[in-house]
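Derivation of every value follows stated rules applied to the coordinates shown; laboratory data play no part. Note that the structure is predicted; figures quoted are calculated from it, not measured. In this analysis, Cβ positions are derived from the backbone assuming ideal geometry, glycine residues included, and neighbour counts consider all displayed protein chains.
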Amino acid sequence: MIKMAWKFLVAMIIHQWAKWRGYEIFTPPGPLQYRDQQCHLCEENEEGQCRICKCLTLSKTLMALEDCPRGFWHRVWLKSGRDS
Amino acid sequence: MKAINPNIFPHGGYWFEDTDGSKHVGQSWAGVIVRARAYRERQGRSNDTTGDEVITQACKRTPNICSEENPALKAQTKLVSLKGRVLLWLTQARKVKETIPLVFVNDGMHAARSDVCIRCSKNTGMPDGCGSCRAALKALRVDVVGSRESDPRLGGCAVLGEYLPASTWIDTPAIANSELPAECWRKRSL
């Protein structure tokens, strides 16, 4: 429970900081498709929920600053208004 | 139907012996099912019952990792899936917004809709989840409806899978769904 609360706190701080600094909050379409494919093929994906981090893969892949707990995909640091 | 507790490591590891004698080993039960399914697919065999067969065999071998599916477990699964449905709905609303600008209702209409939803039995509170789920929910809501605020008692619609703090603001046509309560504003134009 403490671990989950800590992860939530860290996630919120990262997202707020990124938003403040002008980074994209949502994953761009290309990396999003790649992330979806990786999660779809992953053994740890149990009906849309990651067994390792217990997050819904949908939300995990959607947020640009999230990363895969198995290292299959990484954070996307992209400034708003710029091309990838 | 039995359910496996994924948090217990089974004695002897995660494995399944197929009807033809082949043994499939994985890092988790889901992994074993994926491998068994892939194996059967390559052989052109039916895959419909592979998951059930793996679970049944595992429960027979190590009964202590299994339990009968109970209403509490089903309710929890439903809550998890509701959050998924809500996130999917918000993602779709965001995609729609990119092509067609959303039309929002005025404050009075929103208050009337919220009043109906707050008293509705299908209004389900969103369970506390992981950081990314909460961040995604918050970010998507802001992206879809902007700074429009809603009553904190609004959660997700268990029937439609809509996020009520957002859907009560969006002008959408009425729909026909027998599962919705008679007083639901989504059934008639309000």
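Each Cα pair under 8 Å and six or more residues apart adds its separation to the average, and for chain B the resulting relative contact order is 20 percent.
Under a 5 Å amide H cut-off, with hydrogens placed 1.01 Å from N, A:Leu65 pairs with A:Val76 among residues at least 5 apart or on other chains.
Each label was represented as a point 7 Å from its Cα along the Cα-to-Cβ direction; for A:Lys19 and B:Glu179 these points are 3.1 nm apart. When the listed pairs A:Lys3/B:Lys95; A:Lys7/B:Lys2; B:Lys97/B:Lys187; A:Lys7/B:Lys95; A:Lys54/B:Lys60 are checked against a 30 Å cut-off, the alpha-carbon distance exceeds it for A:Lys3/B:Lys95; A:Lys7/B:Lys2. With the simple model of a label 7 Å out from the Cα in the direction of the Cβ, B:Ile118 to B:Asp20 spans 6.2 nm. Scanning residues 5 or more positions from A:Tyr23 or on other chains, those with amide H under 5 Å from its amide H are A:Ser80, with H placed 1.01 Å from N in the peptide plane.
Helices that extend 20 Å or more along their long axis by alpha-carbon positions and average at least -1.0 on the Kyte-Doolittle scale are, among the DSSP H runs of chain B, B:29-43, B:71-99, B:131-145. The length gained on full extension between B:Lys138 and B:Ile8, counted as 0.36 nm times the residue separation minus their Cα-Cα distance, comes to 43.4 nm.
What is chain A by shape, rounded, prolate or oblate, if you read a ≥ b ≥ c off the alpha carbon gyration tensor as root eigenvalues and call it rounded for a/c under 1.5, prolate for a/b larger than b/c, and oblate otherwise? Could the numbers behind the result be given before it?
On the way: a/c = 2.70, a/b = 1.20, b/c = 2.25.
Here chain A falls in the oblate category.
Distance distribution note for segment B:71-167: the fraction of Cα pairs above 23 angstrom is 23%. For segment A:17-77, trypsin sites (Lys or Arg not before Pro) meeting the loop criterion (DSSP other than H, G, I, E, B) and having at most 11 other Cβ atoms within 10 Å: A:Arg21. Note on the protein assembly as shown: Cα-Cα pairs beyond 31 Å make up 39% of the total pair count.
Along segment B:21-28 the Karplus relation, 6.51 cos²θ - 1.76 cosθ + 1.60 evaluated at θ = phi - 60°, assigns HN-Hα couplings of x, 6, 10, 10, 10, x, 8, 7 Hz to successive residues, with x for each Gly and Pro.
Here is the list for segment B:79-178: trypsin sites (Lys or Arg not before Pro) lying in DSSP coil, each with at most 14 other C-beta atoms within 10 angstrom of its C-beta, are B:Arg153.
Close amide H partners of B:Phe104, meaning residues 5 or more places away or on another chain with modelled amide H under 5 Å apart, are B:Asp171. In this simple spin-label model, placing a label point 7 Å from the Cα along the Cα-to-Cβ direction at both B:Arg153 and A:Gln33 gives a separation of 4.5 nm. Within 10 Å of the Cβ of each residue in B:91-99, the mean number of Cβ atoms contributed by other protein chains is 1.
The ranking of B:Tyr39, B:Tyr163, B:Tyr14, A:Tyr34 by Cβ neighbour count inside 10 Å, starting from the fewest, reads A:Tyr34, B:Tyr39, B:Tyr14, B:Tyr163.
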